[in-house]
Amino acid sequence: MLQIGDIQLHLINDATIQVDGGGAFGVVPRVLWRAYFTPDEDNLIPMTTTCLLARVDGRNIVVDTGMGDKLDAKARAMWRLERSNGGLTDGLLRLAVAPADIDLVICTHLHADHAGGNTCFGASGNILPTFPNAEYVVQRREYEDAMRPNERTRATYLPINYQPLVASGQMRLLDGDTDLAPGVRGVVTRGHTPGHMSVLFESGGQNAMFVCDMASYAVHMERLGWMTAYDVEPLETLETKRRWQRWALENGALLIFPHDPTRPAGRLSEYEPGKVRLVPVEEPYA
């Protein structure tokens with residue numbers, strides 16, 4: 001568990017998937033990024049799909065829901081999906097939290113590896129909310145883009161993960177930075193998608209941020225010019241990271257990354273002028 005003032009944060013890995021290193025690092029040469037991850041014979045490297053459980057002022061808040069359980073065998077094989085400790089709901093149960101106990105689900109964005117667990121199949125094959133008593137939130141711009149995908153984005157925007165929630169009124173659409181609970185604020189961090197959102201936690205003079213795909217791996221936050229090929233607006237990602245890297249250094253903030261299997265959380269330290277490294281914190285997954 002990570003403690004930020006009165007806020008408790010638990011990391012839960014919904015699944016580990018394998019992705020092409022060129023997707024994870026874009027134009028960064030393989031000879032550079034392989035110092036951080038060793039690719040297999042197919043050039044694949046691991047990505048966790050990290051979600052959060054935040055306990056805030058008596059409320060249970062989930063941030064992102066991972067891959068979910070609606071994937072068929074072909075999709076699971078394509079992602080090379082592995083769950084050694086079960087998925088998100090199994091992790092919550094290990095923390096004595098049932099799906100019905102969740103009060104709020106914060107969707108940073110609606111890509112399938114972050115929002116797939118929003119919904120599940122019912123007994124008759126119908127779509128149900130995984131967290132029946134929760135309010136779901138996402139940026140309005142993100143939802144609008146997800147409902148009008150293009151040739152580049154349609155493979156990762158699957159309406160089954162979010163459209164039923166909006167139609168039923170269970171998902172609320174946000175318009176910009178929004179306070180979501182005491183000490184919890186959703187902030188637009190444009191770049192990966194125009195409506196991408198990160199989540200700030202502030203309590204007792206301490207700060208943390210679930211950066212999500214502003215920086216998928218810790219090294220993406222250390223090196224401003226490194227980013228994924230999945231970013232829709234890479235130059236926006238660059239400037240967004242510049243701003244929040246400075247904020248993290250000034251505030252000694254804990255940063256939590258969604259896909260890093262070796263350094264899921266840590267604090268930035270400037271070891272030379274203009275050069276930073278992440279000092280990881282030890283945080284076992286739930």
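Values in this text are rule-based calculations from the coordinates and carry no lab data. Only a predicted model underlies this, so the values are computations on that prediction, with no experimental measurement involved. With ideal geometry, Cβ positions are generated from the backbone for all residues, glycine too; neighbour counts draw on all protein chains shown.
Once each part is reduced to its C-alpha centroid, what is the distance from segment 202-231 to segment 1-46 in angstrom?
Cα centres, segment 202-231 to segment 1-46: 12 Å.
From the backbone phi of segment 144-161, what are the Karplus-calculated ³J(HN,Hα) couplings (6.51 cos²θ - 1.76 cosθ + 1.60, θ = phi - 60°) in whole Hz, Gly and Pro given as x?
For segment 144-161, the Karplus-derived couplings read 5, 5, 5, 7, 10, x, 10, 4, 7, 9, 5, 6, 9, 9, 10, x, 4, 7 Hz, x marking Gly and Pro.
Report the percentage of all Cα-Cα pairs in the chain whose separation exceeds 37 Å, rounded to a whole percent. Intermediate values should be presented prior to the final figure.
Numbers: 2853 of 40755 pairs.
For the chain, the share of Cα pairs beyond 37 Å comes to 7 percent.
Net charge near Leu128: determine it from the other residues with C-beta under 15 Å of the C-beta of Leu128, scoring Lys and Arg +1 and Asp and Glu -1.
That sum, taken over residues with Cβ under 15 Å, equals 0.
Placing +1 at every Lys and Arg Cβ and -1 at every Asp and Glu Cβ, with all other atoms neutral, what dipole size does segment 2-280 have around its Cα centre, in debye to the nearest 20? Mind showing how you got there, number by number?
On the way: 27 positive and 34 negative charges, 58 e Å.
So the magnitude is around 280 debye.
Check cross-link reach from Lys275 to the lysines: straight Cα distance under 23 Å, and skip same-chain residues fewer than eight apart.
Lys275 reaches Lys241.
Within straight cross-link reach of Lys74, meaning Cα distance under 17 Å, which aspartates and glutamates are found once same-chain residues fewer than 8 apart are removed?
The reachable aspartates and glutamates, counting only those whose Cα sits under 17 Å from Lys74, are Glu82, Asp113.
At q = 0.13, 0.23, 0.24 Å⁻¹, what is the base-10 log of I(q)/I(0) for segment 218-286 according to the Debye formula with one equal point scatterer per Cα and no solvent? Please give it to two decimals.
-0.37, -1.06, -1.13
Segment 146-172 to segment 74-100: how many Å between their Cα centroids?
Measuring centre to centre over Cα atoms gives 21 Å.
What does the convex hull of the Cα atoms of segment 133-243 come to per residue, in Å³, rounded to a whole number? Before the final figure, lay out each step's value.
Details: hull volume 13.1 nm³, N = 111.
Output value, Cα hull per residue: 118 Å³.
Need the full-extension length gain, Leu128 to Ser269, defined as separation in residues times 0.36 nm minus the C-alpha distance. One decimal, nm. Mind dumping the intermediate values first?
Working: separation 141, 0.36 × 141 = 50.76 nm, distance 4.38 nm.
Stretched out fully, the Leu128 to Ser269 stretch lengthens by 46.4 nm.
Gain in length, Glu250 to Ala75, computed as 0.36 nm per residue apart minus the alpha-carbon separation, to one decimal in nm? Could you put the intermediate results ahead of the total?
Details: separation 175, 0.36 × 175 = 63.00 nm, distance 4.22 nm.
Full extension of this stretch gives 58.8 nm more.
What list of ³J(HN,Hα) values in whole Hz, one per residue of segment 75-83 in order, does the Karplus curve 6.51 cos²θ - 1.76 cosθ + 1.60 (θ = phi - 60°) give from phi, with Gly and Pro shown as x?
Working through the residues one at a time gives 5, 4, 5, 4, 7, 6, 6, 10, 9 Hz.
Under the rule of at least 5 residues apart or a separate chain, name every residue whose amide H is placed under 5 Å from the amide H of Glu135.
Sorted by chain and number, the residues that satisfy this are Leu104, Val105.
Taking DSSP loops as anything outside H, G, I, E and B, show the longest stretch in the chain free of trypsin sites (Lys or Arg not before Pro) there with at most 13 other beta carbons within 10 Å. Walk me through the numbers before you get to the answer.
Details: sites that count: Arg152, Arg154.
By the stated rule (loop sites, at most 13 other Cβ atoms within 10 Å), 1-151.
Among Gly58, Pro29, Leu9, pick out the residue whose Cα is farthest towards the positive end of the charge dipole of segment 2-280, where Lys and Arg carry +1 and Asp and Glu carry -1 on C-beta, about the Cα centre.
The residue sitting farthest along the positive end of the dipole is Pro29.
Given 10 Å bins starting at zero, what is the percent of C-alpha pairs of segment 14-148 in each, up to the one with the largest pair distance?
11, 36, 33, 17, 3
Can you pull a Stokes-Einstein diffusion coefficient for segment 52-119 at 25 °C (0.890 mPa s), Rh from Kirkwood over Cα pairs, as a whole number of µm²/s?
Working: Rh = 12.7 Å.
Estimated via Stokes-Einstein, D reaches 193 µm²/s.
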